[in-house]
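What follows is a set of notes on a single structure, which appears directly below.
The values are calculated or read from the model by the stated rules, or taken from the named source; none is laboratory data. As the structure is a prediction and not an experimental result, all values here were calculated from the model. Cβ sites come from the backbone with ideal geometry, for glycine too, and all protein chains shown count toward neighbours. The accessibility values were calculated without ligands, DNA or RNA, using every heavy atom of the protein model including side chains. Shrake-Rupley method; radii C 1.70, N 1.55, O 1.52, S 1.80 Å.
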Amino acid sequence: MASTSKMPSTSEDDLEEEFEHFDDFTLASSWERFISEIEAVCRKWLADGTKNLLKKDAICLNISEGLYKVKADLKYEMKSYCMEYYFGTLNDGKGKDWSCVLHDLQLFFGVNEFLVIAPQSASGVVLDGPEASKLLSAVAIALSNCSSLWPAFVPVHDPSRKAYIGIQNMGTLFTRRFEADRIGSQVPVKLMHLEGLYELFVSKFAFSNEDLSTHLFEVSFKMKLTYCTLPYDEDDDDDVQEPEAGSTESGGSPKSNHHNKSQWDDDCPWSEWYSSEDPVRGFELIAVWSEKAFESSLDMAELENASPLEADDWLIFPCLSETLNTRSLFFFSKSTWYQNIAAFLGTEDSDGKRIGFASQLRLLVDALEMSMEAKFIEDFVSEHSGPETLKSSAVIPPPTVLDRVLKDLFHEVEGLQLGFSDGDHKNSRTIKGAPLESLFGQFCLHALWFGDCNIRAIAVFWIEFVREVRWCWEESQPVPRMPSNCVIDLSTCLINQKLHMLSICINKKRQQEQESPKCGEQKKFPSHVKEETQVKRCLSPRDGKTQTSSGERESLSRPDVVKDSVGHISNSGHSDTVKLGDAKHSACIRRGSAGVVGSMMLLKSQQNMHAPFTQEPPVMTEDMHEERLQAVEALGDSFSFSAQLEKDILSSDMSAFKAANPDAVFEDFIRWHSPRDWENNDNMDSGASHDNAIKGLTVEWPPRGKLSERMSEFGNSWRKIWNEAPPLPASEQKPLLDPNREGEKVLHYLETLRPCQLLEQMVCTAFRAAADTLNRTTFGGLKQLTTKIGQLNLTMAATLRCLQTSNLSIDTEDIQDLKRLCAIFEHVEKLITLAASFYIKFMNAPRLLESIFNDCYNFYAPRMGTGSTASEVKKDFEKKQKVGRREREIAASMLTTPTANQSWRKVLSMGNLLNGHEPTLREIIFTKHGHLSENYYGGHAPRGYQHELETYRMYISGTSNYLSVALAVASCD
């Protein structure tokens, strides 16, 4: 205040200055300031409402149920506290008693939204009793000032006890008080049974020294029993025998040398390559008794002896493996030699588990990226050559492993059915790879597991593979897993086409060796000559298309058949070499005849036209077609495209036709081979036909027609070939396909194949073969998974198309696209494994199978490949599915009767046994409704108050090892 000696002061200024510096000491108490701070925070939350809180800083605790919280930091004296407000977006005004996603306090006391205030310490609980009471009182006063009905809780005692005290203002008349605590050990035997728990609840409101079991108290009762199946991969020491040492080092097929212990997926298609960890760790079966009224402890004892199958509702949900949430799905190899060599090379995971197709495909893509650095596959074999990155990391399996793999590929294929389309997805055929059961398809699958699928191991494997193929060629042994006939499928990869070509060449070479005639033996038709009915080709030099005579003339039959008047061949008595019966043509010899072509006759000699035996058309691979196309383009306009492309075939057919019809002219060949190029003249006078009919002739002669314009033009290429073709039957002609030359060309291609070209085809084939293997899984025809598999094949076809251009570069995005494809493949592989596991367990309950899988699919599929962290998504799947009464026996059968040697077996003491198993968790809710009566919390209810209220509520959960009790009491204060 200013001195009065220096300046005269006025009374108004003094009063104003005093008011400006006036301090209000009505909130001077620190506890009252603390209450004011709590009140301010609560008013702010109340004013914002749930919608605004969600937009600000609310934290989601449970995605499925929509539980959120907001928090505020407070200080009282020297201590810091955190006050949290929990609220839900799906509140319907009524608590869900048995929801697995409720907060502990919601489950304990049946509240929806609430406050929790706790110290900011390591324990997060209040260890001092007076401090807890004072803290709870401060919150209660603040909420009362705000006219809020939120219940408030304070955690007390040790954190492991989950103990709370709480209070709730329920208006002007009533107050609810809450207590919760837990016994962690030495649970009294009486409290293990329903009878003792009933009496515990009754003791809270019945003040009597007499035996409570003799009194009748009407109490509402709900119960939930949870049973857990034994983990499916848990070992039984008495039932499982360890394999003898060294047993995996000798013999055995790669696909039959399994562990002595049977695995859950032994019948699954991927079991030939690896054994997957069962994604279903077990099941929780929940039996629920809905609210019922009981009056005595004897009723409780009777209920304890009831079967869980009599419960009002049954729920089930699977306990799934953590691998469904992680980025990679780990497996261990079922093929024993692969597992042993993986341990030898140090390529196993730290847990001794290996991964499935997806991760192996990822390694193969890495090998593809590295293969572009070399020109020859041999560059990767030597330890002192190849890229620097290989010298320290790439390893090669021992020769014993290589021998076993080659044995499986080439020698253990007896009785193998080459049904390339069986089990393959229809969309997988758009992928330019090899079929699953083909030799190269199996090679690619073996390569995924050979060593650690590095480029060096693949190089060694390929070189030995080609050596085995060459041995088949040199020894004229059939190529295993490949057909020796049929038309080469140009939609497959080039390596598969080459192996098919080699198999055909070996077969023809073997036939040529067997067809060498011996003394006294009848001459056979060579292998390159058609003996059965064949559809002839009609080659058109103008339109450039290869046409068949189907619909224009009938197919040819065997030599003992000659066509009738409608064009069918009937018996003519001709053999391969026949002298003409007419004396005028006694010097002519007919050779290679397959029979008379109906009523057709030769234009010049009027002899019956004979159809010749012709050679089989040569099979060609994709690159052979490209070579012929390039040759045609190089020749310019000398010949039209179709004529040049099929010149050898056309010349062979003309030679055979000349041999079977010595007096034939070019027009005769056209009438037989290409009827479309013979134009009938319908405009000519029909008098001759009428005269012939009068004379009794059935065939009009001479035929009224001419060659088409393109066949009659000057310099026609077909006529030139006709003039040059010698009259030779097909049996004496040079084969159109030289098996020796083509076989050596195939081997040269395989031995000189560039690494990048090999890996490109391996990647396409490996993806296709792995997808087709998984597609053979039996999973009950689940629609969502069927759609997912179809989408995967279409995605693979689109992504792998870049490998068919042979212009792949490390600097492009193609490698990254392939790695992303591996991630997509991994997600589908997980879902297929999960569906297969469910099907094995629920094949007799299809509705339950579909419902459970759909729940899992809807939970996991959106999270796969999103890159979400563990804190962003909920880890555990907890969606329950209701079990029908007819399905309960199937669900209960998963709880097998416990054996005496299982360490997890406990003394049965809780009752309500299911197949000899006691519940792993029992939860009970006792409630009592009625008018408020005198109790240790408050006095009598006001006069005239007739409203019935839930006066007492007790939640009890536990087993024989622990017991949790939460009590809520409503009173009139």
Which FRET efficiency value, to the nearest 0.05, is calculated for residue 376 and residue 73 with the Förster distance at 56 angstrom and r the Cβ-Cβ distance?
-> 0.20
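Contour minus end-to-end for residue 412 and residue 915, with contour as 0.36 nm per residue of separation and end-to-end as the Cα-Cα distance?
176.5 nm
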Roughly what would the spin-label model give for residue 513 and residue 160, points 7 Å off Cα along C-beta, in nm?
-> 8.0
Placed amide H near residue 320: partners under 5 Å, 5+ positions off or other chain = 281, 877
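State the extension gain, in nm to one decimal, for the chain segment bounded by residue 724 and residue 899, taking 0.36 nm per residue of separation less the distance between their alpha-carbons.
Roughly 54.0 nm would be gained on extension.
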Given labels modelled 7 Å from the Cα in the Cβ direction, how far is it in nm from residue 741 to residue 310?
-> 9.0
Roll a 1.4 Å probe over the protein heavy atoms and report the accessible area of residue 649 in Å², nearest 10.
-> 10
Theoretical FRET efficiency, 1/(1+(r/R0)^6), r = Cβ-Cβ of residue 929 and residue 787, R0 56 Å, to 0.05 | 0.65
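Using 1/(1 + (r/R0)^6) with R0 = 35 angstrom and r between the beta carbons of residue 813 and residue 885, what's the FRET efficiency to the nearest 0.05?
0.05
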Environment charge at residue 76 (Cβ cut-off 14 Å; Lys +1, Arg +1, Asp -1, Glu -1) | -3
Sum up the charges of everything whose Cβ sits under 11 Å from the Cβ of residue 773, counting Lys and Arg as +1 and Asp and Glu as -1, but leave residue 773 out.
-> -3
How much net charge surrounds residue 845 when only other residues with a Cβ under 11 Å from its Cβ are counted (Lys, Arg +1; Asp, Glu -1)?
-> +1
Once both label points are put 7 Å beyond Cα along the C-beta direction, the residue 778-residue 322 separation in nm becomes 3.4
With all protein chains present and a 1.4 Å probe, how do 137, 275 order by accessible area, largest first?
-> 137, 275
Full extension from residue 61 to residue 734: what is 0.36 nm times the residue separation minus their Cα-Cα distance, to one decimal in nm?
-> 234.1 nm
